[in-house]
Every structure is written in structure tokens, then in C-alpha cells.
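For reference, the structure is listed below as C-alpha cells.
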Amino acid sequence: MANRPTELTTALHDYVLAHGFREDDILARLRKETASHEWAIMQITPEQGAFMAILAELIGAKRYLEIGVFTGYSSLSVALAMGIEGHVTALDSNETYTDTAKRYWREAGLEKNIELRLGDARTSLADLIADGQVASYDFAFIDADKSSYDAYYEACLELLRPGGLIALDNMFHLGRVSARDKWSEDTPAIDALNRKIKTDDRVSISMVPIGDGLTLCRKRP
Ligand code: SAH
Ligand code: CA
């Protein structure tokens, strides 16, 4: 029998929240403000923010590409980890959500380090490729509309340097991927991409059971 991970009970999750990471004060305030948003559930958890920050530190990331910004928690987590040497390209189609993100980027003194491109992310990614930014990013995070994930993954593979890292969020699709009777409209796209990545020898992979499932793909040199 395979070993099973320790079950993340509410009590154990509370323990992680209390002892598992340090959250910057600005991030804590952003999280508090976002908590009352009707789509608050879209934000990554603070422990995932800390995990992505430490990944950025580990790979010495200087250029981070984010697809799906919302109110800015994930982008600010990574931007703070990279510091003033870092550059973030942030893609989202919603100006209202990203106005909140911009306020917190400014408060953190990082607004000059973060370039927001508003509009459909597929178009913005094609623009980045056309602009000659191929192989220039260290780290990419895919967290926008699920039906386009495959297109985002392919674009990120182009935009990433060899050895760079792609993290794909919600690869459990709220647990639906393993429960066919609960599949929703977008679950087939996520499931198909999970299957494709499993045998994609352009990358080394690890699906991490944090949040709603975070798949890490390192672009092989
Ligand atoms: N990473 C964020 C959460 C992102 S939620 C965080 O941690 O807080 C998903 C975001 O994707 C939303 O802000 C939504 O506006 C954006 N989005 C959805 N479809 C999009 C598209 N086609 N192009 C660009 N952004 C899109
Ligand atoms: Ca997400």
C-alpha cells in the first residue's frame, strides 16, 4: 500500500496558519480586504503565497510572469520575495480587480517593478512573444480561466528560460478531477492538461497538494 499524506484537518490547517510561514503586513492587509470580496475564494492561500515566495528565492527569480492577478496576493507575494531587483509582468482582463492590486503594489513600493497588461491573457502572451521576450522569464504562474490553461502552458514554455519554473494552480479543480460525477464545464480541460504534462518530456514535474493542487514544471535545459 502506498503511503498516504497526513490528513489536513481544520485543526492541522490552523496550526499551519499559526506556525507555518511569515506573512508580510501588507499581504495580511490585502488578504483581509479581499476576504469580503464576492470572489475571495479565487485568491491563493497565504501558505501557498509563502511557498511560491520561497520557490522564487530558491531559483533566484528576477522575472516573474503571472496569468491571473485578481486583487494581487500571488503577484505581491512573489514580487516581495524578488525585491527591487525583480520584474513582474502581470496579466489580467479585469480592471476593477487589478485596481486593488495596484494599490497594494504601490504601498509596497513595488509599482515600478510590476507591469500590468490588461486584456485577454492569450493576446497579451502573443504580444510578449512578438515583443521578443521569449526565454526571458524565470518563473511563471498560471491562474486565469481554466479553458485556456493549455494555451497558457504552451506560451509560458516559450517565454521561460531553460531551467525556469511554471506553476499551474487549481490542478485539482476543487477535487473534481478525481470524481467524474462532479466534473464541471472546465474539468475536462484541467484533466487533459494533467495527463499531457505527465508525459511531457520538455519538463520535469511535481504536482503539489497545496491549496487546490499546484503543479510545478521545470523547463528542461
Ligand atoms: N492569482 C490570483 C487569483 C487569480 S483569479 C490570487 O492569488 O489572488 C483569476 C483571474 O483571472 C481573475 O482576476 C480574472 O479576471 C482573470 N481572468 C479570467 N479570464 C481571463 C482572461 N481570459 N485573460 C486574462 N485574465 C483572465
Ligand atoms: Ca487559483
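The values are calculated or read from the model by the stated rules, or taken from the named source; none is laboratory data. Because the structure is predicted, anything quoted here is derived from the model rather than measured. When we count neighbours, we look across all protein chains shown, and the Cβ atoms used for this are built from the backbone with ideal geometry, even at glycine. Ligands, DNA and RNA are excluded from the accessible area calculation, which covers all protein heavy atoms including side chains. Shrake-Rupley method; radii C 1.70, N 1.55, O 1.52, S 1.80 Å.
For this structure, a couple of remarks:
- Potential lengthening between M207 and R106 on full extension [0.36 nm per residue; Cα-Cα distance subtracted]: 33.0 nm
- Neighbour cut-off at most 16 other Cβ (10 Å), DSSP loop, trypsin sites (Lys or Arg not before Pro), segment 1-95: R22, K62
- Residue among Y97, L157, A108 farthest towards the positive dipole end of segment 93-172, charges placed on Cβ: A108
- Filtered GluC sites (Glu not before Pro), segment 1-61: DSSP coil and at most 13 other beta carbons within 10 Å: E7, E38
- Cβ-derived FRET efficiency at R0 45 Å, A179 paired with E85, nearest 0.05: 0.55
- Accessible area expressed per residue, segment 112-159, with surrounding protein chains retained (probe 1.4 Å, Å²): 40
- Annotation: amide H-H contacts under 5 Å for Y137 (H modelled 1.01 Å from N, sequence separation of 5 or more, or interchain): L160, R161.
- Globularity index of segment 1-47, i.e. its alpha-carbon radius of gyration over 2.2 N^0.38 Å: 1.46
- Simple label model, 7 Å out from Cα along Cβ direction - D127 to R220, nm: 3.4
- Total lysine pairs whose alpha carbons fall under 17 Å of each other in the chain (8 or more apart, or interchain): 8
- Difference of contour (0.36 nm per residue) and Cα-Cα distance, L12 to W39: 7.2 nm
- Relative contact order (percent, whole number), segment 84-221, Cα cutoff 8 Å, 6+ residue spacing: 20
- Result for the chain in a Gaussian network model with C-alpha springs under 10 Å: among H13, H87, H37, the largest mean-square fluctuation is at H13.
- Counted residue by residue at 0.36 nm each, then reduced by the alpha carbon distance between them, the extension gain from I54 to E154 reaches 33.5 nm.
- Under a model in which nothing but the beta-carbon of Lys, Arg (+1) and Asp, Glu (-1) is charged, segment 52-165 shows a dipole of about 260 debye around its Cα centre.
- Cα gyration tensor shape of segment 122-173, rounded if a/c is under 1.5, else prolate or oblate by comparing a/b with b/c: oblate
- Cα centre as origin, Lys/Arg/Asp/Glu Cβ charges: the chain dipole, Debye: 580
- Computed Kirkwood radius, in angstrom, where 1/r is averaged over Cα pairs of the chain: 17.8
- Couplings for segment 168-180, taken from phi via the Karplus curve 6.51 cos²θ - 1.76 cosθ + 1.60 with θ = phi - 60°, read 10, 8, 6, 6, 8, 6, 6, x, 5, 4, 9, 9, 4 Hz in order; Gly and Pro are left as x.
- Based on the Stokes-Einstein relation at 4 °C and a viscosity of 1.567 mPa s, and on the Kirkwood radius from alpha carbon pairs, segment 37-119 is assigned a translational diffusion coefficient of 103 µm²/s.
- Centre separation in Å (Cα based) which lies between segment 103-170 and segment 37-78: 12
- Taking W39, W183 and ordering them by how much accessible surface each has at a 1.4 Å probe, largest first, produces W39, W183.
- The relative contact order of segment 140-210, computed from alpha carbon pairs under 8 Å that lie at least 6 residues apart in sequence, is 31 percent.
- Using the Cβ-Cβ distance between D120 and N3 with R0 set to 41 Å, the FRET efficiency from 1/(1 + (r/R0)^6) comes to roughly 0.45.
- Charge dipole of segment 27-66 about the Cα centre (unit charges at C-beta), most positive-ward option of A40, A61, A28: A61
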